[in-house]
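Asker: Got a structure here, written out as structure tokens. Questions coming.
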Amino acid sequence: MTDDLFLDDVAERLATLPAVRAVTLGGSRAQGTHTPESDWDLALYYRGDFDPAALRAIGWEGEVSELGEWGGGVFNGGAWLTIDGRRVDIHYRDLEVVEHELAESRQGRFHWEPLMFHLAGIPSYLVVAELALNQVLRGTLPRPEYPEALREAAPPVWRGRAASTLRYASAAYVARGQATEVAGAVATAALQTAHAVLAARGEWVTNEKRLLQRAGLRAVDTIVAGLRPEPTALAEAVAAAEALFEGAG
């Protein structure tokens, strides 16, 4: 089956599930940056009561989560599947939540949430970024511009988080020579700073995979690679990270 036929078939089957109002293609395939090995990122937008059992009943190979099983919040679950030999990730998107976060973002408001595999966590406006970037396969969804209010409000929040992360590392880990903890703090602060840089530009972010490159912060690799479990070396590394982040953007 060709990719086009495969995508059309999967989208149609998802669109017929109870409560589903729209289906989108996201990730690298929606943005044209994919490789032949890239997986397929799909989102189903539902209104009201959606039961993952309906998705499970289709019979595709893989794991289907319950609502909220991926930590709740805006990223409230999904499935990891293999369909026609292709790896497919499906994300649940509650339209009531998405519409709320869209309205909040236009007022410059958002909140932070933890999410597995994301060092810096995610902003609640991630679901708004998906509206802006994803390809709608079934149904109708808004396609928002980056709100000016969010460009003003988000950068200082992210920079504040980065500064706090490094301050804690200096106070808790540096004097003890705990290089692993410092490495984690520097990496986290780098991604927090990258969120600030992209927000100031008005560029949407949906994950961390290329976030450091986009923000011009790949030089942090050199800082992390040079870490040694010695207080003086760690203090110098934190200072170098602070200087790098302050100059970013």
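Asker: Give segment 225-248 a look and list any residue that's free of Cβ contacts under 8 Å to residues at least 60 places away in the same chain and buried (at least 17 other Cβ atoms within 10 Å of the Cβ), or say none. Write out each step before concluding.
Answerer: Looking only at segment 225-248, we keep the residues that are free of Cβ contacts under 8 Å to residues at least 60 places away in the same chain, and these are 225-233, 236-237, 239-240, 243-244, 246-248.
Within segment 225-248, Leu227, Ala237, Leu244, Ala248 qualify.
Asker: Another one. Being aromatic (Phe, Trp, Tyr) and more than 16 Å from the chain's Cα centre (by Cα) narrows it down to one residue among Tyr173, Tyr125; which is it? Working first, answer last.
Answerer: Details: Tyr125 fails: more than 16 Å from the chain's Cα centre (by Cα).
Only one candidate passes the filter, namely Tyr173.
Asker: Continuing with the same structure: Tell me which residues, restricted to segment 181-203, are surrounded by fewer than 17 Cβ atoms within 10 Å (Cβ to Cβ) and either under 28 Å from Glu130 (Cα atoms) or among the polar types (S, T, N, Q) (or both). Break it down into steps so the answer makes sense when it comes.
Answerer: Narrowing segment 181-203 to residues surrounded by fewer than 17 Cβ atoms within 10 Å (Cβ to Cβ): 181, 184, 201-203.
If the condition is that a residue be surrounded by fewer than 17 Cβ atoms within 10 Å (Cβ to Cβ) and either under 28 Å from Glu130 (Cα atoms) or among the polar types (S, T, N, Q) (or both), then Gly184, Arg201, Gly202, Glu203 are the ones that fit.
Asker: Only one residue in Arg201, Arg214, Arg151 is free of Cβ contacts under 8 Å to residues at least 40 places away in the same chain and under 29 Å from Ser28 (Cβ atoms), so which one is that?
Answerer: On the way: Arg201 fails: free of Cβ contacts under 8 Å to residues at least 40 places away in the same chain; Arg151 fails: free of Cβ contacts under 8 Å to residues at least 40 places away in the same chain.
None of the others qualify; the one that does is Arg214.
Asker: Another question, then. Quick one: which residue in Arg93, Arg29, Arg106 is of a type in the set (Lys, Arg), in contact with a Ser or Thr (Cβ under 8 Å, 6 or more places away or on another chain) and under 22 Å from Glu145 (Cα atoms)? Step through it out loud before you land on a result.
Answerer: Working: Arg93 fails: in contact with a Ser or Thr (Cβ under 8 Å, 6 or more places away or on another chain); Arg106 fails: in contact with a Ser or Thr (Cβ under 8 Å, 6 or more places away or on another chain).
The unique qualifying residue is Arg29.
Asker: If you scan segment 183-202, which residues turn out to be more than 20 Å from Ala241 (Cα to Cα) and out of contact with any Lys or Arg (no Cβ under 7 Å at 6 or more places or on another chain)?
Answerer: Arg201 - this is the single residue of segment 183-202 that is more than 20 Å from Ala241 (Cα to Cα) and out of contact with any Lys or Arg (no Cβ under 7 Å at 6 or more places or on another chain).
Asker: Could you tell me which numbered condition Ala30 fails, if it satisfies all but one of (1) more than 18 Å from the chain's Cα centre (by Cα); (2) aliphatic (A, V, I, L, M); (3) at pLDDT below 90?
Answerer: Failed condition: (1).
Asker: Please go through (1) surrounded by 14 or more Cβ atoms within 10 Å (Cβ to Cβ); (2) without any contact (Cβ under 8 Å) to a residue 24 or more places away in the chain; (3) within 30 Å of Leu7 (Cα to Cα); (4) more than 17 Å from the chain's Cα centre (by Cα) for Arg143 and return the number of the only condition it doesn't satisfy.
Answerer: (1)
Asker: Filter segment 98-108 down to the residues that are closer than 20 Å to Val157 by Cβ and in contact with a helix residue (DSSP H, G or I) (Cβ under 7 Å, 6 or more places away or on another chain) and list them by number. Lay out the reasoning, then the answer.
Answerer: Filtering segment 98-108 for residues closer than 20 Å to Val157 by Cβ gives 100-108.
Those that are closer than 20 Å to Val157 by Cβ and in contact with a helix residue (DSSP H, G or I) (Cβ under 7 Å, 6 or more places away or on another chain): Glu101, Leu102, Ser105, Arg106, Gln107, Gly108.
Asker: Kindly provide the set of residues from segment 6-35 that are in a helix (DSSP H, G or I), of a type in the set (A, V, I, L, M) and either within 20 Å of Arg143 (Cα to Cα) or outside the structural domain of Glu99 (by TED's automatic domain parsing) (or both), ordered by number. Steps first, answer last, please.
Answerer: Restricting attention to segment 6-35, the residues satisfying the condition of being in a helix (DSSP H, G or I) are 6-15, 27-31.
Okay, now just the ones that are also of a type in the set (A, V, I, L, M), so 7, 10-11, 14-15, 30.
If the condition is that a residue be in a helix (DSSP H, G or I), of a type in the set (A, V, I, L, M) and either within 20 Å of Arg143 (Cα to Cα) or outside the structural domain of Glu99 (by TED's automatic domain parsing) (or both), then Ala11, Ala15, Ala30 are the ones that fit.
Asker: Which residues, counting only those in segment 165-211, are under 27 Å from Tyr146 (Cα atoms) and of a type in the set (Lys, Arg)?
Answerer: Answer for segment 165-211, where residues must be under 27 Å from Tyr146 (Cα atoms) and of a type in the set (Lys, Arg): Arg201, Lys209, Arg210.
Asker: Filter segment 222-243 down to the residues that are touching a Leu at 6+ places or on another chain (Cβ under 9 Å) and farther than 18 Å from Tyr168 by Cβ and list them by number.
Answerer: Arg228, Ala233
Asker: Here is a follow-up. Being surrounded by 13 or more Cβ atoms within 10 Å (Cβ to Cβ) and under 21 Å from Asn207 (Cα atoms) narrows it down to one residue among Ala54, Ala19, Ala30; which is it?
Answerer: Ala30
The values are calculated or read from the model by the stated rules, or taken from the named source; none is laboratory data. Bear in mind the structure is a predicted one, so any value in this text is a computation, not a measurement. FYI the Cβ positions are ideal-geometry reconstructions off the backbone, even for glycines, and counts take in every protein chain you see.
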